[in-house]
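The values are calculated or read from the model by the stated rules, or taken from the named source; none is laboratory data. Nothing here was measured: the structure is a model prediction, and the numbers come from that model. For neighbour counting, all protein chains shown are included, and Cβ atoms are generated from backbone atoms with ideal geometry for every residue, glycine included.
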Amino acid sequence: MISPVRIWDLPTRFFHWLLVTHFTLAWLTAGDSRYLDFHVFFGYGFLGLLLFRLLWGVIGSHYARFSSFCYSYSAVIKFLTTPSSFSNLGHTPAGSWAIWALLFLGFLVSGSGLLTLGALNQLGPLEGYFNFAQGDLFHWVHTSTAWSLLGLVILHLSGVILASRIHRESLIWAMITGFKNTTCLNEQSVPQHPLIAYSLLLFILISAGGYFQGRLFQNPNYQPFPSPPLPQLSLWQSECEDCHLAYHPTLLPQRSWQQIFAEQHNHFEEDLSLDEDTLQQLKQFAFQYPAESNLTKTAWKTHSTLSSSQIPLRITQTPYWREQHQTIAWKQDSNFPAKLDCVACHQDAESGRFTAAAMRLPTATDFPPSR
């Protein structure tokens with residue numbers, strides 16, 4: 001006689017589908033700077049769920065405990081050669097190894113994500129511990145591990161579908177309902193533990209509400225990751241802002257500023273007419289904080305992508321600027337922002353930081369054509 005028995009408790013099922021959701025949303029929000037705060041939140045949630053699973057693997061119900069699915073290599077081989085001989089209701093030997101691999105890669109992608117956030121974006125708990133060059137390495141590890149994890153998820157899902165056909169029972173449906181069919185009359189259903197499951201869900205919802213409250217209730221110029229101000233010079237601001245945005249010195253290398261000041265009487269067909277004292281103060285500020293100072297990710301990228309022979313006099317001439325703006329179709333309409341109108345897209349342009357999360361690409365409705 002076949003009867004349904006609950007083998008997956010509610011916390012295990014909640015964990016499973018919440019992990020799938022967080023991984024999917026983290027994947028979909030990766031690579032787009034405008035959604036960095038979403039990616040970070042789902043990454044934190046993904047790591048938090050993994051930590052919960054470690055705890056639940058020790059104190060959870062029978063089939064959720066790690067001790068219930070520790071199989072040897074020989075057991076995995078035997079299962080793969082004769083899968084119909086396996087009768088345990090919990091994870092299969094092959095499935096258990098996939099779970100261990102998923103946990104390992106999950107922690108690796110989470111750890112490399114935290115390192116990337118701290119080094120490349122100068123955010124999070126590891127902010128300031130690593131430099132931008134190390135951040136590039138961490139980002140490569142993070143991306144590579146994420147792709148490996150996706151491949152393992154696809155392999156795991158394929159195994160679940162295959163096992164479901166062999167045993168003529170949907171393992172996916174079992175992870176939704178918690179029940180599997182068995183002929184063993186002595187098999188008892190595991191407890192549900194609803195308080196723990198709903199507490200887990202409630203904690204995530206409250207965390208999301210607190211994290212995204214700025215997007216929900218504040219103005220459109222809300223910046224999820226406010227950055228500390230860069231060094232500023234009031235004289236620099238006053239002299240530059242007469243004609244354009246006071247671009248921070250970190251946006252060009254020192255050799256560019258040297259040539260710009262040397263040609264101050266023909267500054268893009270304008271005579272700056274700077275007196276000697278003003279000129280020296282501006283030089284000192286620019287030479288102290290050029291792109292080589294690596295004060296920001298933008299500064300580091302600008303400097304690292306320039307050859308030693310290149311002396312760009314415009315920010316738009318730097319390889320990094322061109323790379324970042326190559327997909328933008330600049331319009332001739334006078335109402336559409338020009339290349340020098342940084343504040344149209346970068347909310348922190350005046351500070352000179354140009355962080356990823358402070359970027360908002362305008363739409364056609366923001367700049368209607370002139371009549």
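Quick one: count up the residues across the range 313-352 that are of a type in the set (Phe, Trp, Tyr), modelled with pLDDT of 75 or more and part of a loop (DSSP other than H, G, I, E, B).
Counting residues in the range 313-352 that are of a type in the set (Phe, Trp, Tyr), modelled with pLDDT of 75 or more and part of a loop (DSSP other than H, G, I, E, B) gives 0.
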**Report entry** Given (1) over 24 Å from LEU117 (Cα atoms); (2) outside the structural domain of PHE354 (by TED's automatic domain parsing); (3) of a type outside the set (D, E, K, R), number of the condition ASN266 does not satisfy
**Finding:** (2)
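Can you tell me which residue among LEU18, LEU50 is within 26 Å of LEU202 (Cβ to Cβ), buried (at least 17 other Cβ atoms within 10 Å of the Cβ) and in contact with a Gly (Cβ under 6 Å, 6 or more places away or on another chain)? Lay out the reasoning, then the answer.
Values: LEU18 fails: in contact with a Gly (Cβ under 6 Å, 6 or more places away or on another chain).
Sole residue among the options that is within 26 Å of LEU202 (Cβ to Cβ), buried (at least 17 other Cβ atoms within 10 Å of the Cβ) and in contact with a Gly (Cβ under 6 Å, 6 or more places away or on another chain): LEU50.
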Query raised in the report: Would you say SER74 is without any contact (Cβ under 8 Å) to a residue 60 or more places away in the chain, polar (S, T, N, Q) and out of contact with any helix residue (DSSP H, G or I) (no Cβ under 7 Å at 6 or more places or on another chain)?
Result: yes
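Please tell me if GLY48 is within 25 Å of VAL190 (Cβ to Cβ) and at pLDDT 95 or above.
yes
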**Report entry** Members of the range 189-215 found to be farther than 28 Å from TYR35 by Cβ and either touching a strand residue (DSSP E or B) at 6+ places or on another chain (Cβ under 7 Å) or among the β-branched types (Val, Ile, Thr) (or both), listed by number
**Finding:** SER189, VAL190, ILE196
Query raised in the report: Is it the case that some residue within the range 97-107 is in the same structural domain as ASN131 (by TED's automatic domain parsing), under 18 Å from GLY178 (Cα atoms) and part of a loop (DSSP other than H, G, I, E, B)?
Result: no
**Report entry** Search result, residues across the range 222-234 that are surrounded by fewer than 15 Cβ atoms within 10 Å (Cβ to Cβ) and within 23 Å of PHE268 (Cα to Cα)
**Finding:** SER234
Requested in this report: Mind counting the residues in the range 213-255 that are among the aliphatic types (A, V, I, L, M) and not in a loop (DSSP other than H, G, I, E, B)?
Outcome: 3
Query raised in the report: Among the residues of the range 176-191, is there at least one that is within 29 Å of the chain's Cα centre (by Cα) and either farther than 30 Å from THR305 by Cα or part of a helix (DSSP H, G or I) (or both)?
Result: yes
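Table: residues versus (1) touching a residue at least 60 places away in the same chain (Cβ under 8 Å); (2) surrounded by fewer than 18 Cβ atoms within 10 Å (Cβ to Cβ).
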| site | (1), (2) |
| --- | --- |
| LEU201 | yes, yes |
| GLU239 | no, yes |
| HIS244 | yes, yes |
| PRO253 | no, no |
| GLN288 | no, yes |
| TRP300 | yes, no |
Query raised in the report: Which of the residues spanning the range 1-60 are part of a helix (DSSP H, G or I), small (Gly, Ala, Ser) and touching a strand residue (DSSP E or B) at 6+ places or on another chain (Cβ under 7 Å)?
Result: SER33
Report summary line: Selection from the range 77-96 of residues surrounded by fewer than 17 Cβ atoms within 10 Å (Cβ to Cβ) and in a helix (DSSP H, G or I) yields ILE77, LYS78, LEU80, THR81, PRO83, SER84, SER85
Report task. Output the residue which, of all residues in the range 108-164 that are aromatic (Phe, Trp, Tyr) and not in a helix (DSSP H, G or I), is surrounded by the most Cβ atoms within 10 Å (Cβ to Cβ). Result -> PHE130
Report task. For LEU162, indicate whether it is hydrophobic (A, V, I, L, M, F, W, C) and under 24 Å from ARG13 (Cβ atoms). Result -> yes
Query raised in the report: Do we find a residue being in contact with a Phe, Trp or Tyr (Cβ under 9 Å, 6 or more places away or on another chain), among the charged types (D, E, K, R) and in the same structural domain as LEU80 (by TED's automatic domain parsing) anywhere in the range 175-197?
Result: yes
Query raised in the report: Of all residues in the range 265-286, how many are more than 17 Å from LEU313 (Cβ to Cβ) and either surrounded by 18 or more Cβ atoms within 10 Å (Cβ to Cβ) or in contact (Cβ under 8 Å) with a residue 40 or more places away in the chain (or both)?
Result: 3
Report task. List the number of the failed condition for GLY209; all other conditions in (1) surrounded by fewer than 12 Cβ atoms within 10 Å (Cβ to Cβ); (2) closer than 30 Å to GLY57 by Cβ; (3) at pLDDT below 90 hold. Result -> (3)
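Could you tell me whether SER112 is farther than 24 Å from LEU49 by Cα, small (Gly, Ala, Ser), in the same structural domain as TYR73 (by TED's automatic domain parsing) and free of Cβ contacts under 8 Å to residues at least 40 places away in the same chain? Step through it out loud before you land on a result.
On the way: farther than 24 Å from LEU49 by Cα: no; small (Gly, Ala, Ser): yes; in the same structural domain as TYR73 (by TED's automatic domain parsing): yes; free of Cβ contacts under 8 Å to residues at least 40 places away in the same chain: yes.
Taking the combined requirement at face value, the residue does not satisfy it.
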